[in-house]
Amino acid sequence: MDIDDTLLDYIPCCREAFEAAMDVLSTVHPTLSTVHSTPYTRDDLFSLFFEISGRLFSEAKHGLHTIAEVMELYPAEFCEKAGYPPQAVEPFKQAFRAAWGKTHTLVPYAVETLEALQQKGYRLFAASNSFGHLQRSRLEQAGILHFFEDTYISMDIGYDKPDVRFYEEALRRCQLKPLEVLMVGDSMTTDIIGAQNAGLATVFFSRRGDALPEDLSRSNLIVITSLPELLQYV
Ligand SMILES: [Mg+2]
C-alpha cells in the first residue's frame, strides 16, 4: 500500500510540518515582512509552498527529477520566491524534515481497513517515495506501523516509484511473485501504472473522485473512493 493520501492524509501533514518550519524560520529571519510591500500571510506562504512542492513532485513522477533531488529543490525554490536569503534554505529544510517525521494524520478508516485486511490473513507492505526513517516514524506515530511486515521506501530501495525497478526490488525483498501482490494507491502514475508495468494487480484509490483517463476508464481497473471499499474486492 502507498502511504501518502492512501493511509496518511497528505495536506494536513504537509501544513503541520510547514508551520513548524516557518516557526523556526521566523526566529532566524524575523524581518521577512519588510522584504515585501505587502507581507505574505502564512496562508499565502503555504499556498506558495504547496504549489512549488506539488509541481516538483509531479515532475518527478514523470522522470524529470529524482525524489532525492526534489527534497533539495523545493525548500530552495520556496525560500527564494518567499524572499528569504539563501542561508534560510538549510534551516527551513531541516525543520520541515524533522517535523514531517512526526506528522501522522490518518485517512478515514485506515486503521479499521488494515485491521480487517490483517484478519483476512493478508500480508501487508507499505510502498512510498520518501525517506525510510521518516515514513516509518510517521506510520509508528499513527499507530499503524505494526500492521506492516516490511516497508519499501524509495530512498532505501534506490529507485522511485513508478520505476519498475522499485517494484522488482520490493518483490525480491518479500519473495512474492507479481501476481501475488495487489498495489493500492492514490497516484495513477506512481502506484497504478508503475505497479502494472511490473506485473502487479492494482486498486486505484480515487480520494477526491478524480475522473479516470480515457484509456483506463474502459479497462478493468478497480477504483475505490474510500478505504473500506477495498474490502469488497479482497
Ligand atoms: Mg500517494
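Derivation of every value follows stated rules applied to the coordinates shown; laboratory data play no part. Fair warning: this is a prediction, and the values are worked out from it, not measured in the lab. We place every Cβ from the backbone using ideal geometry, glycine too, and count neighbours over all the protein chains shown.
Karplus-derived 3J(HN,Hα) values for the range 153-166, using 6.51 cos²θ - 1.76 cosθ + 1.60 with θ = phi - 60°, are 10, 3, 5, 7, 6, x, 9, 9, 4, x, 3, 4, 5, 4 Hz; glycine and proline are entered as x.
The lysines within cross-link reach of LYS161, meaning a Cα-to-Cα straight distance under 17 Å and a gap of 8 or more places when in the same chain, are LYS61.
Taken along the Cα-to-beta-carbon direction at a fixed 7 Å, the label points for SER58 and GLU19 span 2.6 nm. Taking packing as the residue-averaged number of other Cβ atoms within 10 angstrom, the listed peptides 147-154, 118-125 run from highest to lowest as 147-154, 118-125. Taking amide hydrogens as placed 1.01 Å from N in the peptide plane, the amide H of ILE222 sits under 5 Å from those of PHE204, each at least 5 positions away in sequence or on another chain. What you get for the chain, charging only the Cβ of Lys and Arg (+1) and of Asp and Glu (-1), is a dipole of about 280 debye around the Cα centre.
Taking amide H as placed 1.01 Å from N in the peptide plane, the amide H of SER128 sits under 5 Å from that of TYR152, ILE153, SER154, each at least 5 places away or on another chain. The range 124-150 and the range 37-72 have Cα centres spaced 23 Å apart. Each residue, LYS177 and ASN197, gets one label point 7 Å from its Cα in the Cβ direction; the gap between the two is 2.4 nm. Sequence-ordered 3J(HN,Hα) estimates for the range 122-132 from the Karplus curve with 6.51, -1.76 and 1.60 and θ = phi - 60° stand at 6, 8, 10, 9, 9, 9, 8, 8, 4, 7, x Hz, glycine and proline given as x. The aspartates and glutamates whose alpha-carbon is closer than 14 Å to the alpha-carbon of LYS81, local same-chain residues fewer than 8 away aside, are ASP44, GLU51. The 3J(HN,Hα) values that the Karplus relation (6.51, -1.76, 1.60; θ = phi - 60°) gives for the range 42-58 are, in residue order, 4, 5, 4, 5, 5, 4, 4, 4, 5, 5, 5, 5, x, 5, 5, 5, 5 Hz. Gly and Pro appear as x. Report relative contact order for the chain in percent, whole number only (criteria: Cα-Cα under 8 Å, sequence separation at least 6). Relative contact order, the chain: 21 percent. Each of PHE96, PRO75, PHE147 was placed along the dipole of the chain (beta-carbon charges, centred on the mean Cα), and the one lying farthest toward the positive end is PHE147. For the range 10-100, the convex hull spanned by the alpha carbon atoms encloses 87 Å³ per residue. Inter-label distance, GLU149 to GLU69: 3.5 nm, where each label sits 7 Å from its Cα along the C-beta direction.
Its relative contact order, with pairs defined as Cα atoms under 8 Å and 6+ residues apart, puts the range 110-232 at 20 percent. For the peptides 157-163, 195-201, the ranking by mean Cβ contacts within 10 Å, running from highest to lowest, is 157-163, 195-201. Taking only the Cα atoms of the chain, the ratio Rg/Rh comes out at 1.00, with Rh defined as the Kirkwood radius.
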